[in-house]
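Q: Structure provided below as structure tokens; questions to follow.
The values are calculated or read from the model by the stated rules, or taken from the named source; none is laboratory data. Treat the numbers as computed from the prediction; the structure is a model and nothing was measured. Here the Cβ is made from the backbone with ideal geometry for all residues, glycine too, and neighbour counts use every protein chain on show.
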Amino acid sequence: MNDVKLVAAFAENKPGQVARFTKILADANINIRWLAVASTGPYGVMKFLVSDPEKACQAFHREDLIAKLVDALAIEVPDKPGGLHAVADCLASHNINLDNASGFIANNRAFMVIEVSDHAPAREILQQHGFRVMAQEELPLS
């Protein structure tokens, strides 16, 4: 299976929260490769793509923070105009909704991290259309 694990951490929407969570990861010697922060009102969620998701979750739990692992797909995307559109259009043409999506660049390569309701058909469709769906261990996370 080519799913990746994100760490979703829940926090109050107030100054210093990102610093608090990133310090916990730094102290645990966990490398962060991608971060998304979303908030509505007094609370929010931070999602991290890290070098060791299980260890990150444990580190948050030791600090009495709410965190869980979330399955996602990581796709290597052509780093050129239209690269992201090609992935989005492929999924849309097969009636697959992107629940959450973001991206990052590492080692001169572009990656898109997506959350969809059903990974198996999304993965299969993307691979059939020539996209490389990455396993956690293939990502440049160290």
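Q: Within region 55-80, track down each residue that is assigned by TED's automatic domain parsing to the domain that holds residue 98 and farther than 22 Å from residue 134 by Cβ.
A: none
One line per residue, one yes/no per condition, for (1) surrounded by 13 or more Cβ atoms within 10 Å (Cβ to Cβ); (2) over 27 Å from residue 129 (Cβ atoms):
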{"site": "19", "(1), (2)": "no, yes"}
{"site": "36", "(1), (2)": "yes, no"}
{"site": "46", "(1), (2)": "yes, yes"}
{"site": "53", "(1), (2)": "yes, yes"}
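Q: I would also like to ask the following. I'd like the full set of residues that are closer than 24 Å to residue 120 by Cβ and of a type outside the set (Phe, Trp, Tyr), limited to region 29-49.
A: Those that are closer than 24 Å to residue 120 by Cβ and of a type outside the set (Phe, Trp, Tyr): 36, 47, 49.
Q: In region 108-126, how many residues are over 14 Å from residue 77 (Cβ atoms) and more than 13 Å from the chain's Cα centre (by Cα)?
A: Just the residues of region 108-126 that are over 14 Å from residue 77 (Cβ atoms), to begin with: 115-125.
Now restrict to residues that are more than 13 Å from the chain's Cα centre (by Cα): 117-125.
Number of matching residues: 9.
Q: Quick one: which residue in 60, 104, 131 is of a type in the set (Phe, Trp, Tyr) and in contact (Cβ under 8 Å) with a residue 60 or more places away in the chain?
A: On inspection, the qualifying residue turns out to be 104.
Q: Can residue 55 be described as in a helix (DSSP H, G or I), modelled with pLDDT of 95 or more and under 30 Å from residue 23 (Cβ atoms)? Explain how you work it out, then say what you get.
A: Values: in a helix (DSSP H, G or I): yes; modelled with pLDDT of 95 or more: yes; under 30 Å from residue 23 (Cβ atoms): yes.
Spelling it out, residue 55 is indeed in a helix (DSSP H, G or I), modelled with pLDDT of 95 or more and under 30 Å from residue 23 (Cβ atoms).
Q: Looking at residue 94, is it touching a helix residue (DSSP H, G or I) at 6+ places or on another chain (Cβ under 6 Å), within 19 Å of residue 132 (Cα to Cα) and either surrounded by fewer than 17 Cβ atoms within 10 Å (Cβ to Cβ) or of a type in the set (Asp, Glu) (or both)?
A: Against the criterion (touching a helix residue (DSSP H, G or I) at 6+ places or on another chain (Cβ under 6 Å), within 19 Å of residue 132 (Cα to Cα) and either surrounded by fewer than 17 Cβ atoms within 10 Å (Cβ to Cβ) or of a type in the set (Asp, Glu) (or both)), residue 94 qualifies.
Q: Something else: Residue 67 is checked against (1) over 26 Å from residue 107 (Cβ atoms); (2) free of Cβ contacts under 8 Å to residues at least 24 places away in the same chain; (3) among the hydrophobic types (A, V, I, L, M, F, W, C) and fails just one. What number does that condition carry?
A: (2)
Q: Restricting to region 100-134, what's the tally of residues that are in a helix (DSSP H, G or I) and either touching an Asp or Glu at 6+ places or on another chain (Cβ under 9 Å) or buried (at least 20 other Cβ atoms within 10 Å of the Cβ) (or both)? Can you show your working first?
A: Quick first cut of region 100-134, residues in a helix (DSSP H, G or I) only: 119-128.
Within this subset, residues satisfying the condition of being either touching an Asp or Glu at 6+ places or on another chain (Cβ under 9 Å) or buried (at least 20 other Cβ atoms within 10 Å of the Cβ) (or both) are 119, 122-123, 126.
Qualifying residue count for the region: 4.
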